[in-house]
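J.: So that we are looking at the same thing, I have put the structure below in structure tokens.
Nothing in this text is a laboratory measurement; each read-out follows from the coordinates by a stated rule. Computed from a prediction, not measured in an experiment: that's the story for all the values here. Don't worry about glycine lacking a Cβ; one is built from the backbone with ideal geometry, like all the others, and counts go over all protein chains shown.
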2 protein chains.
Amino acid sequence: METIRTPRIMQETSKSHLLKSRTLGLVPTMGALHEGHLSLVRRARDENDIITASIFVNPIQFGPGEDFERYPRDIEHDMEKLEKAGVHILFMPDIKAVYPEGFSTNVKVSGISERLCGAFRPGHFDGVATVVCKLFNLVKPTRAYFGQKDFQQTVLVNRMVKDLNLDVDVVTCPTVREDDGLAMSSRNAYLGPEERSAATVICRTLQAVSKMIKAGDVGPADMKKSLETMLKKEPLISELQYAGVYDTRTLEELAEYKKENLLAIALKIGKTRLIDNLIVEL
Amino acid sequence: METIRTPRIMQETSKSHLLKSRTLGLVPTMGALHEGHLSLVRRARDENDIITASIFVNPIQFGPGEDFERYPRDIEHDMEKLEKAGVHILFMPDIKAVYPEGFSTNVKVSGISERLCGAFRPGHFDGVATVVCKLFNLVKPTRAYFGQKDFQQTVLVNRMVKDLNLDVDVVTCPTVREDDGLAMSSRNAYLGPEERSAATVICRTLQAVSKMIKAGDVGPADMKKSLETMLKKEPLISELQYAGVYDTRTLEELAEYKKENLLAIALKIGKTRLIDNLIVEL
């Protein structure tokens, strides 16, 4: 595995592969890698000639008071895992190389950016769209891989790719879960033992409500109440940010079920913000 | 000359040329072509294997009440001129192909977008940045050619290219002028005979002030007053929007001259908005 730190070298390296008609897979990450990330690498390896993984904790997608400074970093183990999973190129640029002095461009996807997590993390999705646009231009991937756990991010990236005519196939891969169902996330490391145990309320609630929707008993508005009632039974939830049924493309709350429905939850357990979702097909 | 109307076909065509290691030159235009545009084509032809010119009157860079509807259109003559000048590919997409339903992404270059023309045309440079980003992703040019007459546009595009890591060389070409010095512009067609004659006040003033700056007599603040005094002598000027000496990279007004200085004017003659500039090197 080759490590590249300089954006221009990353771009030239990808160009030389493309000139040889090789397909390129990109797995963009913020490091602190878990099985979820590695499942993306394996999928990318199955579908492309050259696999690039990026590790970059992107400052502009963290708001003031968020966890940019304490976001888990574990470069040594990350590199071992990526090498073992078959990554060819690790792109790991410095912040100053990504955002040099005078940087002043922002990519915004209106609507999608403001809904769900966007309402609680203003500016977050501008930071995501901007850095993903940059990574796509630097790595020039044939395909880029994202996890379904960050469903809103996949909707945002798909919209941006279409709108800006970026020449990338965006591939969304299934959420990878712990044995008890908790969606894998680098932020799970923040949870104390009792919080970790309480956190399974999210996936348990999603599963229960998914079954209720499929049984066809209750409409979205009543379903939202059921979701909230189930979640409020867990005393370690310090803040319920959203829970409901949403359009899978616009992320707007649904008044009636569609063929595909996004069932999504965001909440805090103690100080740790967790999200999860299921797509319910009817 | 091949005409392409479908974005995806444009992208595939460029990719096939790049795979053969050909260099691609792009001249983006809004049509109503004059010698200024053709000088860009000739420069592109000297420096690249395959020349693409685009004609697209970009609705999102026109504000409400601006001249989108009446912007001059002359496709037939444009095509003749481009073919004669040696263009290989004319990219001429429909508005709906460029901005399909649900389009919601915006590229913004803060600071640069708001200054000079941006103060009088809110949203204009967001529209320019967004469409140029799209064109670069579709045509994948090695080099793209812009005229110095729209100096702020060249600063904006250069900043965006750097910030988003777009893999394009931006080439700025000298302003082409009529025999009496008026900068060529598709909008000159709006001018009546007396207005056309009055419009030369812009280049005459720029030339006179440039000489004064080079003579080293007067600082930027007094120079601004001289500029305004000269321009106010022309009774057909209906609105003076800005006139002054600016930083060539940030476009901020200068308190002291630098090595390179942007001397720029925007004004209306009757209902027609005209701009022009000179770079004064000391």
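J.: So what's Rg/Rh here for the protein assembly as shown, counting alpha carbon atoms and using the Kirkwood radius for Rh? Write down the numbers at each step before the final one.
T.: Working: Rg = 27.1 Å, Rh = 26.3 Å.
For the protein assembly as shown, the value is 1.03.
J.: To test your reading of the geometry: what angle, between 0 and 90 degrees and rounded to tens, separates the Cα axis of helix A:75-85 from the longest principal axis of chain A?
T.: 90 degrees
J.: When only C-alpha pairs under 8 Å and at least 6 residues apart count, what is the relative contact order of the range A:186-281, in percent?
T.: Relative contact order, the range A:186-281: 31 percent.
J.: Compute the angle between helix A:35-47 and the longest alpha-carbon principal axis of chain A, please, reported from 0 to 90 degrees and rounded to the nearest 10.
T.: For helix A:35-47, the angle is close to 50 degrees.
J.: Additional query: In nm, what does the list of distances from A:GLN241 to its counterparts in the other copies look like, shortest first, when each label sits 7 Å along Cα to Cβ?
T.: 4.1
J.: In degrees from 0 to 90, rounded to the nearest 10, what is the angle of the helix B:220-232 Cα long axis to the longest principal axis of chain B?
T.: 90 degrees
J.: Please report Rg over Rh for the range B:4-65, where both radii come from the alpha carbon positions and Rh follows the Kirkwood definition.
T.: So for the range B:4-65, dividing Rg by the Kirkwood Rh gives 1.05.
J.: Ranked highest first by the average count of other Cβ atoms within 10 Å around their residues, in what order do A:89-100, A:70-81, A:163-174, A:33-44 fall? It would help to have the intermediate numbers written out before the result.
T.: Numbers: A:89-100: 16.6, A:70-81: 14.2, A:163-174: 18.8, A:33-44: 21.2.
The packing order, highest mean first, is A:33-44, A:163-174, A:89-100, A:70-81.
J.: Reachable lysines from B:LYS108, Cα under 23 Å, same-chain residues fewer than 8 places away excluded?
T.: A:LYS96, A:LYS108, A:LYS134, A:LYS140, A:LYS162, B:LYS96, B:LYS134, B:LYS140, B:LYS149, B:LYS162
J.: Across the residues of B:156-167, average count of Cβ atoms on other protein chains within 10 Å? Working shown, then result.
T.: Working: counts 2, 0, 0, 4, 3, 2, 5, 12, 11, 12, 5, 8.
Rounded to a whole number, the mean comes out at 5.
J.: Can you pull out the chymotrypsin sites (Phe, Trp or Tyr not before Pro) in the range B:1-71 that DSSP calls coil and that have at most 16 other Cβ atoms within 10 Å?
T.: Filter output for the range B:1-71: B:PHE68.
J.: Continuing with this model, one more query. Starting from the range B:165-272, pick out the trypsin sites (Lys or Arg not before Pro) whose DSSP state is loop and whose Cβ has at most 13 other Cβ atoms within 10 Å.
T.: Counting only loop positions with at most 13 other Cβ atoms within 10 Å, the trypsin sites (Lys or Arg not before Pro) in the range B:165-272 are B:LYS233, B:LYS259, B:LYS271.
J.: Continuing with this model, one more query. Counting only other chains, what is the mean number of Cβ atoms within 10 angstrom of the Cβ of each residue in peptide B:99-105?
T.: 6
J.: Still on this model: Treating only the Cβ atoms of Lys and Arg (+1) and Asp and Glu (-1) as charged, compute the dipole magnitude of the range A:2-173 about its Cα centre; round to the nearest 20 debye.
T.: Dipole of the range A:2-173, to the nearest 20 debye: 400 debye.
J.: Given a cut-off of 29 Å, what percent of all Cα-Cα pairs of chain A lie beyond it?
T.: Cα-Cα pairs of chain A separated by over 29 Å account for 34 percent.
J.: For the range A:175-262, state which GluC sites (Glu not before Pro) are in a DSSP loop and have at most 10 other beta carbons lying within 10 Å of their beta carbon.
T.: Counting only loop positions with at most 10 other Cβ atoms within 10 Å, the GluC sites (Glu not before Pro) in the range A:175-262 are A:GLU256.
J.: State, as an integer percentage, the relative contact order of chain A based on alpha-carbon contacts under 8 Å between residues 6 or more apart.
T.: Relative contact order here is 17 percent.
J.: Also: What is the magnitude of the charge dipole of the range A:165-213 about its Cα centre, with +1 placed on the Cβ of each Lys and Arg, -1 on the Cβ of each Asp and Glu, and no other charges, expressed in debye to the nearest 20?
T.: Details: 5 positive and 7 negative charges, 46 e Å.
Dipole size: approximately 220 debye.
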